[in-house]
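All remarks here apply to the structure that follows.
The values are calculated or read from the model by the stated rules, or taken from the named source; none is laboratory data. Everything numeric in this text was worked out from a predicted model, so none of it was measured. Reconstructed Cβ throughout: ideal geometry from the backbone, glycine too, with neighbour counts over all protein chains shown.
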Amino acid sequence: MAAIKDSVELLGEVGRRIPKLFGIATGVEGLDEMFFSVKIEDGKARKIPLGGFPSRAVVNLTGIPETGKSLMGEQFAIKQASLGYPVCFVTVESPSAFVVQGMRQRALAMEIDWENIEDKIIMVDAASKPTLRENLKTFLDTLEFAIDKYDVKNVVIDSITGLYEAKEMMARGIVREVFNFLKRKGQTALLISQKRSGHEEETAEAAGGYAVSHICDCTIVLGKRLILSKTAESMFKIPIGNIMRTIRIDGCRLCGHDTSTHLLEITELGLVKVGPKLEEIMKR
Ligand SMILES: Nc1ncnc2c1ncn2[C@@H]1O[C@H](COP(=O)(O)OP(=O)(O)O)[C@@H](O)[C@H]1O
Ligand SMILES: [Mg+2]
């Protein structure tokens, strides 16, 4: 077999094609500041906040049920739409109308006018159309149609796990193809993946094994824990009987990031926001 010569290039040649690195606002208070880049200032390397997800990153957002994954996905979509950037929101579990009902509440809480976003979020209902969940080619063709028609810049898939339900050994192939497609289309994307309760709480492993986190550019892990002891109560300053939610950026190959675990708070209006580091709370 002949060599594939155009797969071999000098660093400098590839360097001329590097996409510009900048932040894509996440719509989650405190999360934009958890990503940073490095710049040279006065001859010294310095850490500069990125102000959002790294542009064109495919981000894996994982956690067990009720940790805030869908809220984060919706807040990201609403924020980007409010800035004028079209977002394709693929719903795989809950039919569009129910997701949009929640989004309306989220937009109100974020004080973003519905009129500003209603023609900027493109809903793809894979929950109601089994073919979209079962046939990957049809799924990607449909996504491409939506992206091209509406000049989409960002994609949320809630959840990618729904595309390989009952066929988890195919997870790797499916996630790889979706990842390659999103890269080719230049999208900044949030792939929500579900952890099963059998998965260790703190790992990035999702249903389908480690496929998603290995392939994606960046992994964010959400966790939760019921506070049931006096010790936990005084350690985390959360009253007994309440749930403590956490957020951690597990890795990101496109830029630097905060590595500590933070509290993830849900405001009384139903928005998630990043709270203090656990280490800070325990020192109090
Ligand atoms: N308006 C609200 N007020 C308080 N809690 C809320 C509100 N909306 C959602 N929640 C809670 O937020 C949690 C996370 O929800 P969600 O993002 O749907 O979780 P998942 O990780 O399963 O997608 C749920 O436990 C839910 O009860
Ligand atoms: Mg959800």
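Take the residues in segment 145-192 that are exposed (fewer than 14 other Cβ atoms within 10 Å of the Cβ) and not in a helix (DSSP H, G or I); name whichever of them is nearest to ligand 2 (Cβ to nearest atom). Result: Ala166. Can you find, within segment 196-230, the residue that is farthest from Cys255 (Cα to Cα) among those that are part of a loop (DSSP other than H, G, I, E, B) and under 14 Å from the mean Cα position of the chain (by Cα)? My answer is Ala204. Number of residues in segment 82-106 that are closer than 16 Å to Asp32 by Cβ and part of a loop (DSSP other than H, G, I, E, B): the value is 2. Of all residues in segment 11-18, none satisfies being over 19 Å from Gly275 (Cα atoms) and in contact (Cβ under 8 Å) with a residue 24 or more places away in the chain. If we scan segment 109-122, do we find a residue that is touching a residue at least 40 places away in the same chain (Cβ under 8 Å), out of contact with any Asp or Glu (no Cβ under 7 Å at 6 or more places or on another chain) and surrounded by fewer than 17 Cβ atoms within 10 Å (Cβ to Cβ)? Yes, the conditions are met somewhere in segment 109-122.
The criterion of being of a type in the set (Gly, Ala, Ser), away from ligand 1 (no atom under 16 Å from the Cβ), touching a Pro at 6+ places or on another chain (Cβ under 9 Å) and more than 28 Å from Glu201 (Cβ to Cβ) does not hold for Ser82. If we scan segment 69-81, do we find a residue that is of a type in the set (Asp, Glu), within 20 Å of Glu268 (Cα to Cα), at pLDDT 95 or above and assigned to a helix (DSSP H, G or I)? Yes, segment 69-81 contains at least one residue that is of a type in the set (Asp, Glu), within 20 Å of Glu268 (Cα to Cα), at pLDDT 95 or above and assigned to a helix (DSSP H, G or I). Determine whether Arg225 is surrounded by fewer than 16 Cβ atoms within 10 Å (Cβ to Cβ) and in contact with an Asp or Glu (Cβ under 6 Å, 6 or more places away or on another chain). Answer is no for this residue. Does Glu115 meet the test of being assigned to a helix (DSSP H, G or I), of a type in the set (Asp, Glu) and farther than 18 Å from Gly52 by Cα? When the stated conditions are applied, Glu115 passes them. Identify, please: which residue in segment 61-86 is surrounded by fewer than 23 Cβ atoms within 10 Å (Cβ to Cβ) and among the aliphatic types (A, V, I, L, M) and is, among those, nearest to ligand 2 (Cβ to nearest atom)? The qualifying residue nearest to ligand 2 (Cβ to nearest atom) is Leu71.
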